[in-house]
Amino acid sequence: MDLTTGQPVRYSTAAGRWVLLATVLGSSLAFIDSTVVNIALPEIGRDLGADAAGLQWTVNGYALSLASLVLLGGSLGDRYGRKRIFLLGVAWFALASLLCGFSPNIETLIFARILQGIGGALLTPGALAILEASFTSEDRGKAIGAWSGLGGIGGALGPFLGGWLVDIGDWRYIFLINVPLAAIVIWVGAKHVPESRNPAAARNIDVVGVLTGALGLAGLTYGFTAWPMDGPGSPVVLVSLAVGVASLVAFVMYERRAAHPMLPVRIFANKAFSGANLVTFVVYAANGGVFFLFVINLQVVSGYSPLASGIALLPTTALMLVLSARAGGLSQRIGPRIPMTVGPVICAVALVLMSRIGPGANYWTDVLPSVIIFGLGLSTLVAPLTATALGALEDSYAGIASGVNNAVARAAGLLAVAVLPLAAGLGGGSLTDAAQLEPVYRNTMMICAGLMVAGAVLAFLLVPTRLPAHPPARTFCDPGSTPAQPQVPERVA
């Protein structure tokens, strides 16, 4: 929406560029911390004396709170204002980053990462919901494609920035750098992003839904993370997995009956929405495994420095920057099914090649070809997938649609980090020992390639050629910072 007219903006206008800039910068905070920490894991392990489980929880603590609460973040944005919740999340994220940067031990770092995830859960769905509510329907594919490409810069520049900071100074700088970036986001967002919300959204918070959903993900994640060290018959593992499954079942049952659910289960009756989120779960589980182990393997097995392993994925970033907006526009013209089917297949080819990266790997012949192919696959896939997940529902559900899709993606990555090393044969081994990591990495890349192929099959079967048209949006948009309240006429004397 334009600040002066209150009308949806075009992708090419100045108002559209400001909205895009604010959402990209904000999302990049979360994207950067989803990737940059992986670069620093070996240094964090050595500095804080952390074992494999501690390093997994450094990643999973952030992903767990983000995945558990991102639905709540989308729901709060629909209720109280997407801009308001977005900026609150950015500020929260910055404060948690300070705590990460000054953590004296691995336990404090994990706790601070959990707090970071809460901030990410507030800001991430708000960014996409703001785009969905602000741009004209014919420009949303381009806007989301540009957001994917530009946001991908943050995700892939994160390892480069992290590697450079670790090389020249200390792993703590990778968290402290978030503070000035957050300040810029808050200034741009407060000045240039209009407020929007769903006036029909309930004002109360679904406490039972929040607790059961979070407990379900926490139980599954803790159980799978403890499995390699404690064994499958351990009471801790069995109880954690049982609590996780029972809580998720309770979550679904309660949401079906609740008067004002955090997650309206009826939205999954929409085949395009359900299909897009199922594809999201499968392909982002693969991405979670790739981004967790790829840079660690380059350092531990192939002998790359943190900086060299950080810049290894820059070609993927460059391709997403150049191609994502075009892929979004193409998807709007020909429909999402073809890009969402072809993209994962291209990624699968790249991951088979990545599985061959071992000791003494040469970047130009062993690493770069797979990275380029992977970038082509993600560029083809991500924008159409995101646009389908948001565009399948009416615009008034922009917040919850974004929240669901982000929750699915984060939960997939979260479970991938916990489960894939176990499935690949890590057992009680170490992620910083080359002999133990090499076969685990190779097996994980092949499993992830299989997941990508499964995603392509699901997209072909479940995603429609064209998304249905929706009635006019019922989303309220106000040029001011705070959602306006209905004005009550004064009583005439």
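The values are calculated or read from the model by the stated rules, or taken from the named source; none is laboratory data. These numbers come from a predicted model, not from an experiment. Counting neighbours? That spans all protein chains shown, and the Cβs are built from the backbone with ideal geometry, glycine included.
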Can you find even one residue in segment 37-45 that is buried (at least 24 other Cβ atoms within 10 Å of the Cβ), in contact with a Phe, Trp or Tyr (Cβ under 6 Å, 6 or more places away or on another chain) and hydrophobic (A, V, I, L, M, F, W, C)? yes
Since L278 meets every condition but one in (1) modelled with pLDDT of 90 or more; (2) hydrophobic (A, V, I, L, M, F, W, C); (3) under 30 Å from A361 (Cβ atoms), which condition does it not meet? (3)
Of the residues in segment 270-316, how many are in a loop (DSSP other than H, G, I, E, B) and hydrophobic (A, V, I, L, M, F, W, C)? 3
Quick check, is L321 within 28 Å of L431 (Cβ to Cβ), assigned to a helix (DSSP H, G or I) and either assigned by TED's automatic domain parsing to the domain that holds G413 or of a type in the set (K, R) (or both)? no
Could you count how many residues in segment 36-83 are assigned to a loop (DSSP other than H, G, I, E, B) and within 19 Å of P104 (Cα to Cα)? 3
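Between L109, L98, L72, which is in the same structural domain as D47 (by TED's automatic domain parsing) and within 18 Å of the chain's Cα centre (by Cα)? Outline the logic, then answer.
On the way: L109 fails: within 18 Å of the chain's Cα centre (by Cα); L98 fails: within 18 Å of the chain's Cα centre (by Cα).
Within the list L109, L98, L72, the selection yields L72.
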Restricted to segment 96-111, and to residues that are free of Cβ contacts under 8 Å to residues at least 24 places away in the same chain and aliphatic (A, V, I, L, M), which residue is surrounded by the most Cβ atoms within 10 Å (Cβ to Cβ)? A96
Being more than 29 Å from N297 (Cβ to Cβ) and assigned to a helix (DSSP H, G or I): is that true of G403 here? yes
Checked pairs for segment 36-51, first among the acidic types (D, E), second assigned to a helix (DSSP H, G or I), C-beta under 6 Å and 6 or more apart or across chains, list as E43/V166
Cβ pairs under 9 Å, 6+ apart, first in segment 269-283 and among the basic types (K, R), second at pLDDT below 95 and in a helix (DSSP H, G or I): K271/L462
